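Engineer: This structure is in structure tokens; I'll ask about it shortly.
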Amino acid sequence: KHLSVVVRYFVHSVCTMTGMNTSTTLANFEEQQEDNEAIRTSSLSSSTMHLTGHKGSVYSLSFSPDGSILASGSFDMTCLLWSYGSNCENFNALVGHKNAILDVKFGGDSDFCATASADHTLGYWDVCTGERIKKLMGHEIMCIFSS
């Protein structure tokens, strides 16, 4: 159910980087997806959601294990958390890195997530409160757990 959102993000990112026409490429994707629309099971109010809030490019997206939260890591040094459902509302911002967030991943549950930043730190965050629980410094290679 999350594939359509991820594919649309990926298509938009690739088109932006390569200078391709995003509208034409997404229109082609839409045509290919027409047959699948009848079996769509998403709880979103629309098949395409435009999420606004970041002030820079988005480098990473991650869904929580239970599928209720979408996390987006950005060049603007923030990780925004979105409730995945009807209107995909932003409910929290993880702030504290000093450079772009390159990756974000959830652990085994939806209560905590980790961010990897170009400032060579990892952050471990409480999703509900937005509090950074731990900051790990000095990493040369950005690598965090994945499920």
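The values are calculated or read from the model by the stated rules, or taken from the named source; none is laboratory data. Here the structure is a predicted model, which is why all the values come from computation and not from measurement. Here the Cβ is made from the backbone with ideal geometry for all residues, glycine too, and neighbour counts use every protein chain on show. Protein only, heavy atoms only, side chains kept; ligands, DNA and RNA dropped before computing areas. Shrake-Rupley method; radii C 1.70, N 1.55, O 1.52, S 1.80 Å.
Engineer: Hey, what's region 58-146 come to in accessible area per residue, 1.4 Å probe, Å²? Don't skip to the end; give the middle numbers.
Structural biologist: On the way: 4240 Å² over 89 residues.
Counting only protein heavy atoms, the per-residue value for region 58-146 is 48 Å².
Engineer: Something else now. Which percent of the accessible area of region 58-146 is formed by carbon and sulfur heavy atoms (probe 1.4 angstrom)?
Structural biologist: Numbers: 2340 of 4240 Å².
Carbon and sulfur together cover 55 percent of it.
Engineer: Right, here's the next one. Would you please put 107-117, 53-63 in order of how densely packed they are, using the mean number of other Cβ atoms within 10 angstrom per residue and starting with the highest?
Structural biologist: Numbers: 107-117: 18.4, 53-63: 16.3.
Top of the packing list down: 107-117, 53-63.
Engineer: Just the Cα atoms of region 58-146, one point each, no solvent: what log10 I(q)/I(0) does Debye give at q = 0.10, 0.18 Å⁻¹?
Structural biologist: Evaluating at q = 0.10, 0.18 Å⁻¹ gives log10 I(q)/I(0) of -0.20, -0.67.
Engineer: How far apart, in nm, are the 7 Å Cα→Cβ label points at D111 and K55?
Structural biologist: Each label point is offset 7 Å from its Cα along the Cβ direction, giving 3.3 nm.
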